[in-house]
1. Quick one: residue 61 ticks every box in (1) closer than 25 Å to residue 279 by Cα; (2) surrounded by fewer than 14 Cβ atoms within 10 Å (Cβ to Cβ); (3) not aliphatic (A, V, I, L, M) bar one, so which box is it?
2. Answer yes if at least one residue in segment 49-63 is at pLDDT below 85 and either touching a Ser or Thr at 6+ places or on another chain (Cβ under 8 Å) or not β-branched (Val, Ile, Thr) (or both), and no otherwise.
3. Does residue 127 satisfy the criteria of being in contact with an Asp or Glu (Cβ under 8 Å, 6 or more places away or on another chain) and surrounded by fewer than 17 Cβ atoms within 10 Å (Cβ to Cβ)?
4. Can you name every residue in segment 343-372 that is under 19 Å from residue 224 (Cβ atoms) and surrounded by 13 or more Cβ atoms within 10 Å (Cβ to Cβ)?
5. Of these, 65, 164, 144, which one is within 29 Å of the chain's Cα centre (by Cα), of a type in the set (Val, Ile, Thr) and outside the structural domain of residue 281 (by TED's automatic domain parsing)?
6. Restricting attention to segment 276-291, does a residue exist that is of a type in the set (D, E, K, R), assigned to a helix (DSSP H, G or I), farther than 18 Å from residue 196 by Cα and in contact (Cβ under 8 Å) with a residue 24 or more places away in the chain?
7. Taking the conditions exactly as written (assigned by TED's automatic domain parsing to the domain that holds residue 158, touching a residue at least 60 places away in the same chain (Cβ under 8 Å) and of a type in the set (Gly, Ala, Ser)), does residue 208 satisfy them or not?
8. Residue by residue through segment 217-245, note down the ones that are surrounded by fewer than 20 Cβ atoms within 10 Å (Cβ to Cβ) and outside any helix (DSSP H, G or I).
Amino acid sequence: MTDLDWGEMEGLFCQQATNTQGSPKLGRDNVDTTERKARKENSEITLLDGKRSLNVNIFLKQFRTSNEDIIQLIKDGDHDDIGAEKLRGFLKILPEVDELALLKSFDGDIQRLGNAEKFLLQLLQVSNYKLRIEGMLLKEEFATNMSYLEPSINAMLFAGEDLTTNTLLREVLYMVVVAGNFLNAGGYAGNAVGVKLSSLQKLTDIRANKPGMNLIHFVALQAGKKNRELLTFPEKLTTLENASKTTVDQINNEITALDTRIKNIKKQIELPSTEQDVKHQMKEFLQVAEREVSMLQRGMKEVEALRIQLSEFFCEDPSSFKLEECFKIFHNFCEKFKQAVNENERRRVQEEQATIRRKQREEQLAKRARQASQAGTPVSDSENSLLLDPSQFDMRGSPAMTRRRIGSFNSNCDALLREDTASPDITPTGSLRRRRSRVLSEEDDGSLMDFL
C-alpha cells in the first residue's frame, strides 16, 4: 500500500473550528438563541391544546406581573385591582373537566411545564377559586347594574305621575278632541269623548290647506290664543325621554338575573366546604345586595300598579297597554308640539313682514295717485298695475318705466283734449269710452305741446 502524507491530509481535510474572533456577534447570538429555544422546546412539557395554551398566555400578559401576584389577587378578593373585564376573562380560561383531570394527574417536573399549565396548576391550589372569581365579578358589576336599574324605575314612576297631574296637557288633549269632532262632524267618529293614544301619532297626517300646516299647528295656534301657558306643557314632561329609553320587560329580566346570581353565590357561601376567608369577603356584600334587589323588586310592583292606573286614565285596554309605548307616544307628541309652536311663530313673523310690505306698496300707490290728481292727470290702469307689481316698479326711473308712463300720459292727454267732443266716445250706457287718436292734427299737436 502506498504511503501517504497523513499529516498533510489531516491538515487539509479536517473539520475546522469556528473562528469566534472573526465571526459577527449577531450571527453567534442567533445561533445560540436558536439552540437554546430548541433545547427548551425539547424539555418543555405541554398538557393543553396549542390554541388553548395560547389563549391563556395572551390573557395572563394583560396583568404585566407574575403568576404568583395574580394568584394572590384572587385569594385576597381584590376585585377593584382586577376589574370586571379581566374577571370575565378569568371565567373563560378556567380549566374544563377533562383539563382538570389532566392537570391533576401530572406527576412530573412542574418546572418543565409551559407557562399556561403552571398558572392553572397554581390556580387549582386555591380553594373555591371559581366561587372567588364569580363573587368578585358580582361585586364589580353590582354597582353598575344598580346605577342603571334604579334610575330607570324612578324615571317611569315620575313620568307616569307627570302625565296624570299635568292639567295643561289635559286641556291641550281636550282641544285635540274638539278639533277632531269638528273635522269628523256627520260621521261615526264625530262625537268622540276622548282621544286614543295611537291617534296622537297621526295628527301630523291631517294637513291643512295652508302649506306647511297640519292639525298640531292649528291646535298649538288655538292654544296660544286661549292661554299662552298651554304652550309650555312639554316643559313639565321632561322625564318622558328617559322613561321611554327602556322597557318594563327588560328591567324585570335584569333584576331577575341579578337576584339569581346573588342567591347562587349565597348558597355556595353557606356550604361547609367553603373557606372562612371567602365567607368573610362576601358576607357583608351579600346582605347589602339582597336589600338593594328587594328595593328594586318593590319598585317594579309600583311600576305595574302605575301601568294599570295609566291604562284606565287614558281609557286603554289594560291587558295590552305598555308603559314604554305610552311614554314614547307622549314624548313624540311633546316634540312635535314644540316644533309646531316654533313654526307658527316663524309663520307669524313672515306674515307680519308681508303685511308691512303690502302696506308700503299701498302707501306708494296712494302717494302717486295724490300727485297725479294734483297735476290734473288721473292715474291710469297701467300705473296702478305697475305700482301693485313690485317686479316692474323701479324707483330710479328705468327705461321700461319711462316708456309706460309716456304711453299712458299721451292717452290721458288725448282724453282731456277730446272730452267735450261728440258722442262716438260715449257708450250706450253713458260711460266714457277712451281711445287713442289715430292721427293728431297740427292743432291737437300744438295743444298737447302747450299742455306739456
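1. Among (1) closer than 25 Å to residue 279 by Cα; (2) surrounded by fewer than 14 Cβ atoms within 10 Å (Cβ to Cβ); (3) not aliphatic (A, V, I, L, M), residue 61 violates only (1).
2. yes
3. yes
4. 343, 344, 345, 347, listed by residue number.
5. 144
6. Yes, some residue in segment 276-291 is of a type in the set (D, E, K, R), assigned to a helix (DSSP H, G or I), farther than 18 Å from residue 196 by Cα and in contact (Cβ under 8 Å) with a residue 24 or more places away in the chain.
7. no
8. 227, 238, 245
The values are calculated or read from the model by the stated rules, or taken from the named source; none is laboratory data. It should be emphasised that the depicted structure is a prediction, and the values quoted were computed from it without experimental measurement. When we count neighbours, we look across all protein chains shown, and the Cβ atoms used for this are built from the backbone with ideal geometry, even at glycine.
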